[in-house]
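Report on the structure given below.
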């Protein structure tokens, strides 16, 4: 079962999929890591979510650049080159005969520790690299059926506390936000920054549309989203006014449209925030237009 912008169509083929663990292809149910792994023990690692279209991984260079940047920020060496990582990804896809409607979770941790302790000097192995592919088609309803968001009390933190731009395994603040949203009966949590401006959602990025303009947060308190960036670029290329700026919930409640972006589902319309109907409460003309432009962009990138 899945919900919100990450709703998908279950696929029985996933039971026999091969995962890639440190360069070795193993059955899904045998794909394990050691209990002393840094990711399991401390959330010490970085990851990327990737989509496969027409046999190619969309925007792979962007994703790998972000992965390497995150590892550098955490101070550990992934141990292979980006070209080698790309080859490993495509080897895994080939072994599973995967070409379309595929999602990959690429996870890299600092490696095994000699003892349960956070000091990186106790690490005794190379980085752990896991490639977890699945046949995972986004539920087509997600593109049309508006999501419900709830503004949670959990804030996106400052960079001197835990940099929100780091796509680390340490996602407990986002998990807590998601729990609050679920308990409120919503699909996803809308998170504010320390000043009370809208930042992002717990697992997607957030946009509103006002009088023909597309607004998103300043980006200071959210992950550098690949899809978010593509939508901003597409707006600029198609003469759609787009702004990265601070704005309050009041501007959301009175918006004409709202939507989320993410690698898995692309653009998903938002119909309610905190029980308030946004615009008509249905997918609007701007969201529909941007969905079309984004699909064309993916097709061009993976052709």
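Please verify whether residue 101 is touching a strand residue (DSSP E or B) at 6+ places or on another chain (Cβ under 9 Å) and under 27 Å from residue 5 (Cβ atoms), treating the condition exactly as stated. Reasoning before the result, please.
Working: touching a strand residue (DSSP E or B) at 6+ places or on another chain (Cβ under 9 Å): yes; under 27 Å from residue 5 (Cβ atoms): yes.
Yes; evaluated as a whole, the condition is true for this residue.
Only one of the listed residues (196, 229, 185) is in contact (Cβ under 8 Å) with a residue 24 or more places away in the chain, surrounded by fewer than 22 Cβ atoms within 10 Å (Cβ to Cβ), under 15 Å from the mean Cα position of the chain (by Cα) and not in a strand (DSSP E or B). That residue is 229.
Taking region 42-54 as the range and being within 24 Å of residue 122 (Cβ to Cβ) and touching a helix residue (DSSP H, G or I) at 6+ places or on another chain (Cβ under 6 Å) as the test, the residues that pass are 44, 45, 46. Screening residue 252 against (1) crowded, with 22+ Cβ neighbours inside 10 Å; (2) out of contact with any helix residue (DSSP H, G or I) (no Cβ under 9 Å at 6 or more places or on another chain); (3) within 27 Å of residue 61 (Cβ to Cβ) leaves a single unmet condition, (3). Taking residue 243 and the conditions (1) over 30 Å from residue 136 (Cβ atoms); (2) surrounded by 17 or more Cβ atoms within 10 Å (Cβ to Cβ), which numbered condition does it fall short on, given that it satisfies the others? Unmet condition: (2). Of all the listed residues (140, 116, 146), the sole one being at pLDDT 95 or above and within 29 Å of residue 291 (Cβ to Cβ) is 146.
Just one of (1) out of contact with any strand residue (DSSP E or B) (no Cβ under 7 Å at 6 or more places or on another chain); (2) part of a strand (DSSP E or B) fails for residue 224. It is (2). Scoring residue 27 on the criteria (1) surrounded by fewer than 17 Cβ atoms within 10 Å (Cβ to Cβ); (2) within 20 Å of residue 202 (Cα to Cα) leaves a single failure, condition (2).
Of all the criteria given as (1) within 30 Å of residue 188 (Cα to Cα); (2) under 20 Å from the mean Cα position of the chain (by Cα); (3) surrounded by fewer than 18 Cβ atoms within 10 Å (Cβ to Cβ); (4) touching a residue at least 24 places away in the same chain (Cβ under 8 Å), the one not satisfied by residue 11 is (2).
The values are calculated or read from the model by the stated rules, or taken from the named source; none is laboratory data. Worth saying up front: this structure is predicted, and the values here are computed from it rather than measured. Here the Cβ is made from the backbone with ideal geometry for all residues, glycine too, and neighbour counts use every protein chain on show.
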